[in-house]
Amino acid sequence: MRHHIVVRTGLRPRSKFAQLAVLGAVAGLAVAACSSGSSTSSSSAGASTSASTSASTSASSASSGKTVQVALILKDFTNPYFISMENSAKADAAKLNVQLTVSAGTTDGDTTTQISAIDNAIADGDQGIIITPNGPAVNAALTEAKSHNIYVIALDTVPTPPSIVNLTYATNNYAAGQLIGQYTAKALNGKPADIAMLDLFNNQVVSVDIDRDHGFLNGMGISVGNAGLNGDEPKSGTYKGGLGGTGSYKISCQEATQGAVPGGQSAMEDCLSKDPNINVVYAINEPAAEGAAAAIKAAGKKGIIVAAIDGGCADIPFLQDGEMTVTAGQFPGKMAALGVSAIDTLVKTGKAPTATTGLGFFNTGTELYTDSPIAGVPSSNTTKEASLCWQA
């Protein structure tokens, strides 16, 4: 699907980490990100300096003229979200003359392949790892990478604990959820809300899933129930939006989508079979929303608010024709490019990147996009989105 300049063959498995991967996946509490899956591959662009966990090591590598080697390890190679990260990271690496190797899990949630990619980075003497973790099972491998003076950056989702990596570049996922929740409450204008919640997983707990779900509920003015779990909120009551809009609500269904179009479609079909009067859909991301829109269209339903998070270019036609109503746009390309630049700067100057003040990560921002604007809710239309979607 993509053309890679250099291909690194065969990921070398490490049995100790493979065993930890299974244990970590069962015990894990938060980490992951957006969506789907494909095959493992790698690529390279440019060549120059290096990166590590300390300024002294970085400066030493730079002064010795050692080529910088950075590993970008994604969730998968099929979701456009991660493809945009790959493209931006490659462009920045080429500009900075940094050698970049790109790998990915075979599916969203594939920690074993990601662990093998981390193992390769250690064995090959990479100075930096930039990763969208597929789950907490990769934590032990990342800890070992740091012990080898490899500077580790997470993208998209803050790991648990955050100290597993040196820094995370991410959207404030809770705030993104709040934006679409506030919009939805105001758009309902006092009408009862009959809500379908289309989440990411139902077999593991990951922070992006909880943050977006709970942010949406908070924006709607609905209690989340248990701060550490999805689905524990009161199933009916009164919503009171943060930017206006008050009325009764009920949550008719809560389904997992795997963050993919087929999952979104089947989940929405199940929801409509349970309650054909649903008028609000929260979707974890745009692929899930796309699938939900297909199910809604097939059922001949109209006037349903479909709210999602991502801000990808592919969602623009869906927003324009009303199949999706609103989305909170992220900047994954920016996350990846900043990661490459941060490691390059660390190597050249010894200056490490820092988190956004008041947060445990660097906030790369979010923006609300819709072609159905609501007075009192700041948003941009799809024309502006087309100039911003997922760029660095």
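The values are calculated or read from the model by the stated rules, or taken from the named source; none is laboratory data. On a predicted model such as this, the values are computed, not experimentally measured, just so you know. Cβ placement follows ideal geometry from the backbone for every residue including glycine, while neighbour counts extend to all protein chains displayed. These accessible areas exclude ligands, DNA and RNA; they are computed on the full protein's heavy atoms, side chains included. Shrake-Rupley method; radii C 1.70, N 1.55, O 1.52, S 1.80 Å.
Among the listed pairs Lys90/Lys334; Lys191/Lys302; Lys95/Lys348; Lys95/Lys351; Lys250/Lys274, those with a Cα-Cα distance over 18 Å are Lys95/Lys351. When a 1.4 Å probe is rolled over the protein heavy atoms, the share of accessible surface on the range 218-302 that falls to carbon and sulfur comes to 50 percent.
Compute the accessible area per residue over the range 62-213, keeping the other protein chains in place, probe 1.4 Å, unit Å².
Details: 4040 Å² over 152 residues.
With all protein chains present, the range 62-213 gives 27 Å² per residue.
DSSP loop (so not H, G, I, E, B), at most 15 other Cβ within 10 Å: list which trypsin sites (Lys or Arg not before Pro) in the range 206-299 pass both filters. Listed in order of number, the matching sites are Lys235. Of the trypsin sites (Lys or Arg not before Pro) found in the range 330-392, those that fall in a DSSP loop while having at most 16 other beta-carbon atoms within 10 Å are Lys351. Put the Cα centre of the range 174-210 next to the Cα centre of the range 323-392 and the gap is 20 Å.
Hydrodynamic analysis of the range 276-356 uses the Kirkwood radius over alpha carbon pairs. Inserted into Stokes-Einstein at 10 °C and 1.306 mPa s, it gives a translational diffusion coefficient of 107 µm²/s.
Taking all protein chains into account, the per residue accessible area for the range 264-392 stands at 39 Å² (1.4 Å probe). With N as its number of residues, the range 158-210 has a Cα radius of gyration that, divided by 2.2 N^0.38 Å, comes to 1.52.
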